[in-house]
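Asker: My questions all concern the structure below.
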Amino acid sequence: DIEMNYRLYHTGDQWRVYDIVIENISLASNYRSEFAGIVRKDKMTGLIEKLKEKQTNRKAEEAAKGA
């Protein structure tokens with residue numbers, strides 16, 4: 001078993017998840033640190049390009065699974 005906690009906020013009549021913490025490691029903090037390192041090295045355009053590349057690869061993988 002692994003402990004998993006959700007950080008939520010309430011808006012209107014809905015609860016929304018803004019972070020997941022697994023074994024005291026915050027997913028949001030992890031991404032924030034990773035993105036900051038990319039921005040320092042490759043500037044904001046580098047981060048955007050990496051995110052676009054990941055999205056393109058994910059779509060290609062999904063299309064291949066459906067074929």
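Asker: Has the stretch 6-16 got any residue that is in contact (Cβ under 8 Å) with a residue 12 or more places away in the chain and of a type in the set (A, V, I, L, M)?
Answerer: No: the stretch 6-16 contains no residue that is in contact (Cβ under 8 Å) with a residue 12 or more places away in the chain and of a type in the set (A, V, I, L, M).
Asker: Quick one: is residue 36 free of Cβ contacts under 8 Å to residues at least 40 places away in the same chain, assigned to a helix (DSSP H, G or I) and surrounded by 11 or more Cβ atoms within 10 Å (Cβ to Cβ)?
Answerer: Spelling it out, residue 36 is indeed free of Cβ contacts under 8 Å to residues at least 40 places away in the same chain, assigned to a helix (DSSP H, G or I) and surrounded by 11 or more Cβ atoms within 10 Å (Cβ to Cβ).
Asker: Can we say residue 51 is in contact with a strand residue (DSSP E or B) (Cβ under 6 Å, 6 or more places away or on another chain), at pLDDT 95 or above and open to solvent by less than 100 Å² (accessible area, probe 1.4 Å)?
Answerer: no
Asker: When you go through 18, 9 one by one, which is the residue that is within 13 Å of the chain's Cα centre (by Cα) and of a type in the set (Phe, Trp, Tyr)?
Answerer: Checking each option against the conditions leaves just 18.
The values are calculated or read from the model by the stated rules, or taken from the named source; none is laboratory data. Small disclaimer: the values here were computed from a predicted structure and weren't measured. Positions of Cβ are generated from backbone atoms using ideal geometry, with glycine treated the same way; all protein chains shown enter the neighbour counts. The protein model used for the area step is the full one, side chains on, heavy atoms only, and it has no ligands, DNA or RNA in it. Shrake-Rupley method; radii C 1.70, N 1.55, O 1.52, S 1.80 Å.
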